[in-house]
Amino acid sequence: MNNRLANDRRAMPLPATIAEAIALEMERDPSILCIGEDIGRAGGVFGTTRGLLDRFGRDRVVDAPIAEMAFSGMAVGLAQAGMRPLVEIMFVDFIGVCLEQVYNAAAKIPYMSGGRQRMPIVFKTAGGCIGSAAQHSQCLWGLFAHLPGIKVVAPCNPHDHKGLMAEALRSDDPVVFIEHKDLLLRKGKDFRHHPEVPDEAYTVPMGKAAVVRPGTDVTLATLSLSVEHALEAAETVAAEGISVEVIDLRSIVPLDTDTVARSAASTGRLLVVDEDYLSFGLSAELTLRVIERLGLTGLRQVERLAVPDVPIPAALSLEKAVLPGPDKIAQRLRQMAGGR
Amino acid sequence: MIRANAEGNSGEPVTHARFRRMARMRAFDEACLDALRRGVIHGELHVGLGQEAVAAGMAESLRPEDAVVSSHRNHFHALAKGVDARALLAEICERETGLCRGRGGHMHPFDPATNFSATGIVGASLPVALGYAHAFGMQGGDAVAIGVTGDGGSHTGGFHESMVMAGARRLPLVALVENNALAISVPFSEISPTATVAERSSAYGALGLHVDGTDVDAVARVFAQAMDHARAGRGPVIVEATCHRFRGHFEGDPEGYRPREERRRLREQFDPLTLYRARLEAAGESPDVLDGILAAEKSGMKTLLAEVLEDEMPDPAGALDHVFTDNAGRPA
Ligand SMILES: Cc1ncc(C[n+]2csc(CCOP(=O)(O)OP(=O)(O)O)c2C)c(N)n1
């Protein structure tokens, strides 16, 4: 990449990179179409579909009414008719009104059909906390992961957003693609990790975690915005002599237990950080999978840090208290590595 | 001349009460904008500026036992239902003194005392209002449930399903559709199979009424008709009030979907306060009296905001309270 381009990327908002990924795939494959609220004329409330309507027209970029039940089910029919729909559920919280079509239809039909019917649908949605209270702040990836038949992706940097979006659109399975609102408000230069993005189309595989910072004392596994927070915390405690290996899981289904177990086996300590709810979710699942892999005596310490089973409060003072932010992560890392 | 009920100043003529309600609502949302500019309110605040006549017209027909379930754009409906303005403003500013102790925030005010609630999920107000309506049917009496939604919400499954059930059971449900012609960027005219929402009422065995939502007198009249219908046990009603949203969908909306001049034109032509003022003055009302009402409401709201800003933010130690009645079930 030449310098001018590299500079453009630094100034480029993340949503523009996502729109670029979708456009490249739509150009490649005429069966891809997008449906969602405000995705056409407005280009998406965050701008992740900006420019697509002009380029691909009204049949392939459908501004939908607030009728999620209808258009998520519509995606199932489109898929059965040979199309590859991308459905945008503006905020993941709204999945409540159409979860039926996602988990009873899209997720189950491939299996119920004995593998005869494929469901190439991407449910693209924004999650995470930016101070928007209980009904507009959830992550919910644990919920989708619990329901068999759906792949679940939550990238943390511009490079992976582009590559995983391409991978999701090429997948024959339903994929829930969860963007984080805080990341959607950033430009390339605001990312601590992997802001560089090739211009051409490429894919990043689902189910392959990335070691984004090597370390020797504690393994910290997380995803989405929390990777940024984890890197910040790791840097803070590095100054105090604690070496943290940070792993970006990238997807929850499939979950890359190998990479986490390999790291945890060498550090002996595992911390899972999750912006989703604590109980019955990613942190428990990943921890247990690692223990199953390494045995009950394979680790010296296991900890998890997640939202303590409470709806996200409106007041920022309360939101901060329930979120696993950089300070809390650093504090937990100190506790863990304290008895080194 | 008819005398006003709650929210107007007692004993004042109904015209003054209507003007005062609208002035109070406007002052309330202007106070919210002020708080936003001071960085007190964060997140995607939805104000109702331009839509005052709808809630103000509704207010007159509401009784304490009636229920209102509103949407993300809920401030005016809360005031119309008699929710305490200070507690509401404090909640929007996320104070411990707020209606919901700062847990709910601007999109989620809940006030069991006045039977008022809201939701941030579009279309989700109608099913909850349906529940109130069914309860009212069982409990005797003639209370009515009002579910408020925008035009966008009228396309949801929840709206349709609620109207089906209310129609079949002749429940006292009034669906108030504030049709401001836009759902964020999507124009009603491009997305609706019918020219109006009100005309869908016949499919539900409901009464359908359409009203100019910038005309407070007209709204008051039509809404009273709707409430009479529902109170008398004649089944649900759809009231569609057409109006205009003067600001972005939320504060910070870049509004790429409509030109600035369009917004200016709407403000100039369809401001419900200006329109009402012109009518009253043409009928001989003194401009000074109306100015007095505006000034009183504005300064009252300024004082309220100043007070609220002195209130404490919630203590982080209480972040896990209120999930369950007994706080059981918390992770260890
Ligand atoms: C189920 C659901 N889908 C989408 C949204 C996002 N959203 C919030 S407000 C809105 C538009 C609502 O339009 P309308 O009902 O006409 O009300 P208005 O904002 O015009 O008052 C949308 C799409 C949501 N909150 N809930």
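Just a few scattered comments:
- List of the range A:280-309 residues, accessible area with partners at least 20 Å² below that of the chain alone (1.4 Å probe): A:Pro308, A:Asp309
- Of all DSSP beta bridges in the range B:14-312, antiparallel share, percent nearest 5: 10 percent
- Pairwise Cα distances in the range B:14-312 exceed 28 Å for 34 percent of all pairs.
- Under 13 Å, Cβ to Cβ, from A:Ile178 - net charge with Lys/Arg +1 and Asp/Glu -1: -4
- Rounded to the nearest whole Hz, the Karplus-based 3J(HN,Hα) values (6.51 cos²θ - 1.76 cosθ + 1.60, θ = phi - 60°) of the range A:235-243 follow the sequence 5, 4, 6, 4, 5, 9, x, 9, 9, with x at glycine and proline.
- Taking amide H as placed 1.01 Å from N in the peptide plane, the amide H of A:Phe123 sits under 5 Å from that of A:Val87, A:Val175, A:Val176, A:Phe177, each at least 5 places away or on another chain.
- Accessible surface of B:Glu240, taken over heavy atoms with a 1.4 Å probe and every protein chain present, rounds to 0 Å².
- Ordered by 1.4 Å accessible area with all protein chains kept, A:Arg192, A:Arg250, B:Arg221 run largest first as B:Arg221, A:Arg192, A:Arg250.
- The range B:129-167 versus the range A:39-59: alpha-carbon centroid distance in Å: 35 Å
- Under 5 Å from the amide H of A:Leu220 lie the amide H atoms of A:Glu245, A:Val246, A:Ile247, A:Leu271, each residue being 5 or more positions distant or on a separate chain, with H modelled from the backbone and absent for Pro and chain starts.
- Measuring against 23 Å, Cα to Cα, the residue pairs A:Lys151/A:Lys208; A:Lys181/B:Lys81; A:Lys181/A:Lys320; A:Lys162/A:Lys320; A:Lys124/A:Lys187 contain A:Lys181/B:Lys81; A:Lys162/A:Lys320 as the ones spanning a longer distance.
- Over 45 Å [Cα-Cα, the protein assembly as shown], rounded percent: 24 percent
- Environment charge of A:Pro13, counting only residues whose C-beta is closer than 10 Å and scoring Lys/Arg +1, Asp/Glu -1: +2
- Chain A - share of DSSP beta bridges that are antiparallel (%, nearest 5): 15 percent
- For A:Val62, distant residues with modelled amide H under 5 Å away: A:Cys34, A:Ile35, A:Gly36
- Only protein heavy atoms count here; under a 1.4 Å probe, B:Thr15 has an accessible surface of about 30 Å².
- Beta bridges from DSSP with both residues in the range A:10-197: antiparallel share about 5 percent, rounded to the nearest 5.
- Computed 3J(HN,Hα) for the range B:37-54, one whole-Hz value per residue from the Karplus formula 6.51 cos²θ - 1.76 cosθ + 1.60 where θ = phi - 60°, is 5, 7, x, 7, 9, 10, x, 8, 5, 10, 9, x, 3, x, 10, 4, 5, 5, glycine and proline marked x.
- Chain A, accessible surface, carbon-and-sulfur percent (1.4 angstrom probe): 52 percent
- Interface A:B - total buried accessible surface [probe 1.4 Å, Å², rounded to 100]: 2600 Å²
- Calculated [θ] (222 nm, deg cm²/dmol) that DSSP helices of n ≥ 4 give over chain A, each run adding -39,500 (n - 2.57): -11000 deg cm²/dmol
- Shielding by partners - mean other protein chain Cβ count within 10 Å, residues of B:312-324: 5
- GNM result for chain A, Cα springs below 10 Å: residue of A:Gly36, A:Gly268, A:Gly115 fluctuating most strongly: A:Gly115
- Cβ-Cβ FRET estimate between A:Arg55 and B:Arg37, R0 fixed at 45 Å, reported to 0.05: 0.75
- Residue by residue along B:150-157, Cβ atoms of other protein chains within 10 Å of the local Cβ number 4 on average.
- Sequence of B:Asp111, B:Asp84 when ordered by accessible area, the most exposed leading, probe 1.4 angstrom: B:Asp84, B:Asp111
- Accessible surface, the protein assembly as shown, averaged per residue in Å² (probe 1.4 Å): 38 Å²
- Largest accessible area first, the listed residues B:Ser10, A:Ser226, B:Ser286 line up as B:Ser10, B:Ser286, A:Ser226 when surface is computed with a 1.4 Å probe on the assembled protein chains.
- For B:Glu240, neighbours were defined as the other residues whose beta-carbon sits under 11 Å from its Cβ, and their charges (Lys and Arg +1, Asp and Glu -1) total -3.
- The helix-based estimate of mean residue ellipticity at 222 nm for chain B, built from -39,500 (n - 2.57) per DSSP H run of four or more residues and divided by its residue count, is -13500 deg cm²/dmol to the nearest 500.
- Residue-wise HN-Hα coupling along the range B:200-213, computed from phi with Karplus coefficients 6.51, -1.76, 1.60 (Hz; x: Gly, Pro): 6, 4, 4, 5, 10, x, 10, 7, x, 10, 10, 9, 6, x
- Atom-type composition of the exposed protein surface of chain B places 54 percent of the accessible area on carbon and sulfur (1.4 angstrom probe).
The values are calculated or read from the model by the stated rules, or taken from the named source; none is laboratory data. The shown structure was predicted, so the numbers you read here are calculated from the model rather than taken from an experiment. Using ideal geometry, Cβ is built from the backbone for each residue, glycine included, and neighbour counts are taken over all protein chains shown. Each accessible area value is taken on the protein alone, full model and side chains, heavy atoms only, with ligands, DNA and RNA left out. Shrake-Rupley method; radii C 1.70, N 1.55, O 1.52, S 1.80 Å.
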